[in-house]
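Nothing in this text is a laboratory measurement; each read-out follows from the coordinates by a stated rule. From a predicted model like this one, the values you see are computed outputs, not experimental measurements. Cβ sites come from the backbone with ideal geometry, for glycine too, and all protein chains shown count toward neighbours.
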Amino acid sequence: MLAHLQKLLTVLLVSSACLWFFYFQSTSLVLAIAGFLAIACAYAAFLAIEFMLMIVVGSGDSTQQPLCKELLSAWVGESLIAPQVFCWWQPFRSNVFPDYFSSPASIQGHRGVVFVHGLFCNRGFWTPWLRRLQGGKNAFIALNLEPVFGSIDDYVSQIDNAVQQITDATGVKPLLVCHSMGGLAARAWLTHMKAEVRVHHVVTIATPHRGTWLARFSHGHNGRQMRLLSDWQGQLDYEMPANRHKQFTCWYSNCDNIVFPTSNATLPGAENRLVRGAAHVQLAFLPQVMDATLALLDDTLP
């Protein structure tokens with residue numbers, strides 16, 4: 001469903017920009033180009049507003065405050081990666097790299113991966129990661145979380161099934177790699193299924209573990225659950241084992257334009273890894289994040 005919606009939005013955006021250009025090119029080339037760029041790049045202005053809100057809201061946060069050059073780098077990086085994710089990979093390329101978890105001998109005994117995306121995303125979000133793993137020794141499943149705006153608890157069974165499939169195919173506990181809301185879905189799975197012994201490690205990237213200020217504007221069920229210190233979040237770690245958070249690596253950034261205050265993307269007791277100058281989506285595709293995360297596949301088994 002989401003892929004179809006994003007296809008429609010992408011076609012409407014491109015069509016509107018092109019219609020403006022062709023309508024005005026005969027009268028004013030400057031106006032035609034300016035209008036085309038204004039329509040095509042309007043999202044970058046919206047991103048800039050998010051960064052400004054991040055600075056204002058997060059000014060009292062204990063995390064190191066971003067430098068101007070870091071903010072500029074994050075804004076440029078997010079402006080470049082966002083169209084690839086939301087206008088190409090997710091709407092048009094989400095099934096280019098199918099799940100790889102059937103039982104060839106090559107994946108037996110090698111750790112697999114379950115990828116869990118965030119809000120308003122689908123499995124196409126993980127395209128660079130799936131390309132890197134395709135045809136290798138590590139099995140993987142990239143989920144399409146449905147319903148798109150349902151409760152995060154609704155995703156528990158999907159994660160549980162994926163973990164079981166990977167484990168059955170490999171004989172090894174899998175690695176969970178989660179972006180944004182996906183990290184909360186993984187924590188909900190651990191809570192509901194008491195599944196600590198079934199997973200090797202959980203990596204969260206830009207996950208609002210303690211909510212985010214921006215979620216106050218969301219009217220979807222999962223969006224409301226991500227509001228600052230929501231009651232739902234308070235239940236995630238209820239009666240949890242003392243060592244649960246030690247199974248987590250939490251990547252976060254001081255320039256996250258979606259999850260702020262910045263420290264909300266960390267968990268007490270986890271390995272919290274700060275990357276300076278990276279935006280929310282951009283963080284998931286930095287080489288240092290990808291390399292360090294996939295290196296966990298070679299950890300001592302099981």
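For residue 119, the residues whose amide H sits under 5 Å from its own are 181, 182, ignoring neighbours fewer than 5 places away on the same chain, with H placed 1.01 Å from N. Across the stretch 1-40 the C-alpha pair distances fall into 10 Å bins from zero in the proportions 34, 40, 19, 7, 0 percent. Straight-distance candidates among the lysines for linking to residue 194, with alpha-carbon spacing under 24 Å and chain neighbours fewer than 8 residues away dropped: 173, 246.
For the chain, the longest principal axis of the C-alpha atoms and the axis of helix 42-57 are separated by about 60°. Per-residue Karplus couplings for the stretch 173-182, computed as 6.51 cos²θ - 1.76 cosθ + 1.60 with θ equal to phi - 60°, are listed in order as 5, x, 9, 9, 10, 10, 10, 6, 4, x Hz, Gly and Pro entered as x.
Subtracting the Cα-Cα distance from 0.36 nm times the residue separation, let me have the gained length for residue 31 to residue 11 in nm, one decimal.
Details: separation 20, 0.36 × 20 = 7.20 nm, distance 2.20 nm.
Taking residue 31 through residue 11 to full extension adds about 5.0 nm, to one decimal.
Taking the stretch 1-31 and a reference point 7 angstrom along Cα→Cβ of residue 49, no backbone N atom is nearer than 17 Å. Of the residues 245, 192, 117, which exhibits the maximal mean-square fluctuation in a Gaussian network model of the chain defined by a 10 Å Cα contact cut-off? Looking only at 245, 192, 117, the largest GNM fluctuation is found for 192. Suppose R0 equals 35 Å. What FRET efficiency, 1/(1 + (r/R0)^6) with r the Cβ-Cβ distance, do residue 168 and residue 95 give to the nearest 0.05? After rounding to 0.05, the efficiency reads 0.95.
A straight Cα-to-Cα reach below 20 Å connects residue 137 with the aspartates and glutamates 99, 168, 291, 298, 299, residues fewer than 8 places away in its own chain not being considered.
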